[in-house]
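So the structure is just underneath, and the comments pick up after that.
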Amino acid sequence: MSYWDLFIQSFSNYARYLGQALVRPDSHNYVYWLLGISFLVYALELAFPWRQDQPRIRQDFWLDAFYMFFNFFLFGLIGYVAASDVLVQAFKDFLAQFGIRNLVAIQVNQLPTWAQLLTLFVVRDFIHFNVHRLLHRIPFLWNFHKVHHSVKQMGFAAHLRYHWMENVVYRSLEYIPIAMIGFGIDDFLIVHLTALTIGHLNHANFRLPMGPLRYLFNSAEMHIWHHVKDLPAEKPYGINFGISLSLWDYVFGTNYQPYLGRDLSLGYPGDQEMPTGFLRQLGFGFRRTKSA
């Protein structure tokens with residue numbers, strides 16, 4: 001199969017999958033899981049708001065809601081999934097020139113299903129923690145990450161307000177490490193749903209006291225410090241980079257939470273440069289900005 005044929009086939013398969021997902025709800029339907037988890041966390045925000053003076057429909061709520069569907073589904077539909085499949089196949093063909101036909105270095109396929117799921121969850125989260133740090137340390141990548149940090153009022157949907165280039169960066173940098181682990185199962189839906197739920201709760205206007213678990217799992221009261229507008233002088237590149245697990249921040253010394261921080265001023269210095277509309281934000285990051 002040529003790369004072009006693979007692109008067309010992948011595009012058609014994804015379009016078919018998305019169409020069926022919209023009209024055929026089932027237990028593996030990511031569209032309806034996203035809706036269900038989002039409604040549940042939003043209900044917690046409305047019933048038990050942490051910042052009680054924040055509007056129920058906060059600033060940029062609808063923009064963030066659209067970002068959720070764009071980054072999870074529509075971005076794939078406009079060609080990202082098909083292009084990814086082509087690049088993966090091209091990479092495999094390149095390795096085959098050197099006799100490398102299998103990247104698997106660690107076999108976990110004999111482990112129980114729960115152990116394989118836990119392995120993927122932990123490894124994937126550690127990769128994302130490090131990629132997140134790169135987004136803050138490398139000026140070119142930070143320019144894209146600013147879209148996420150332009151949030152001024154936190155809510156669950158802010159979790160998925162991020163520039164489409166972050167999809168490219170995260171998926172590209174996680175490909176080889178994940179491919180090197182030989183899993184015996186293909187369905188990792190529960191891993192993605194767990195990360196989605198934790199991410200929603202981390203950004204929600206809802207505080208879930210964690211007790212000793214705060215040293216393991218991320219939380220809204222910890223993650224809001226990641227979005228603080230004025231970073232502490234001793235940590236100029238950012239703090240609290242953990243995605244699902246806060247453990248990595250405590251291990252690598254990037255944790256920072258001097259007090260509860262409920263009413264912190266959010267954003268980044270110079271965030272007035274950020275366009276307000278979705279279409280204008282799509283191209284943001286490809287030009288040098290004053291605060292880069």
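The values are calculated or read from the model by the stated rules, or taken from the named source; none is laboratory data. From a predicted model like this one, the values you see are computed outputs, not experimental measurements. Neighbour counts are summed over all protein chains in view; Cβ atoms, including those assigned to glycine, are modelled from backbone coordinates with ideal geometry. Please note that ligands, DNA and RNA were not included when accessible areas were found on the heavy atoms of the full protein model with its side chains. Shrake-Rupley method; radii C 1.70, N 1.55, O 1.52, S 1.80 Å.
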Of the DSSP H helices in the chain, the ones reaching 24 Å or more along their long axis in Cα terms and averaging at least -0.5 in Kyte-Doolittle hydropathy are 3-23, 30-47, 113-137
If one builds a Gaussian network model of the chain from Cα atoms under 10 Å apart, the most fluctuating residue listed among 202, 218, 167 is 167
Within the set 26, 125, 263, GNM on the chain using Cα springs under 10 Å gives the largest fluctuation to 26
Given the candidates 188, 160, 177, the one whose Cα lies deepest towards the positive end of the charge dipole of the range 131-195, counting +1 at each Lys or Arg C-beta and -1 at each Asp or Glu C-beta, is 160
Once the in-chain neighbours fewer than 8 apart are removed, the aspartates and glutamates whose Cα is under 20 Å from residue 146 read 60, 64, 166, 230, 271, 273
With +1 at each Lys and Arg Cβ and -1 at each Asp and Glu Cβ, the charge dipole magnitude of the range 163-228 around its Cα centre, to the nearest 20 debye, comes out at 240
For the chain, the Debye formula with one identical point scatterer on each Cα and no solvent gives log10 I(q)/I(0) at q = 0.06, 0.10 Å⁻¹ as -0.21, -0.59
Quick tally, 1.4 Å probe accessible area for 192, 227, 136, sorted with the most first, runs 192, 136, 227
Averaging 1/r across every pair of distinct alpha carbons in the range 6-128 and inverting yields a Kirkwood hydrodynamic radius, in angstrom, of 18.5
Of the residues 61, 233, 42, the Cα lying farthest along the dipole of the chain towards its positive end, which is defined by charges on the beta carbon of Lys, Arg, Asp and Glu, belongs to 233
Quick tally, 1.4 Å probe accessible area for 46, 173, sorted with the most first, runs 173, 46
Checked the range 59-111 with the C-alpha gyration tensor, a ≥ b ≥ c its square-rooted eigenvalues, rounded below a/c of 1.5, otherwise prolate if a/b is larger than b/c and oblate if not; verdict oblate
Ranking 198, 78, 224, 8 from most to least accessible area with a 1.4 Å probe gives 78, 8, 198, 224
Answer in debye to the nearest 20: the dipole magnitude of the chain about its Cα centre, from +1 Lys/Arg and -1 Asp/Glu charges placed on Cβ, is 480
With the 1.4 Å probe rolled over protein heavy atoms, the chain has an accessible area per residue in Å² of 52
Taking a ≥ b ≥ c as the square roots of the eigenvalues of the Cα gyration tensor, with a/c under 1.5 meaning rounded and otherwise prolate when a/b exceeds b/c and oblate if not, the range 83-154 is oblate
SASA check, residue 221, accessible area w/ 1.4 Å probe, all protein chains in place, rounded to nearest 10 Å², comes out at 20
Answer in debye to the nearest 20: the dipole magnitude of the range 239-292 about its Cα centre, from +1 Lys/Arg and -1 Asp/Glu charges placed on Cβ, is 280
Rounded to two decimals, the Rg over Rh value of the range 139-292 from Cα coordinates and the Kirkwood Rh reads 0.97
On the accessible surface of the chain, probed at 1.4 Å with all protein chains in place, carbon and sulfur together account for a percent value of 64
Within the set 258, 269, 139, GNM on the chain using Cα springs under 10 Å gives the largest fluctuation to 258
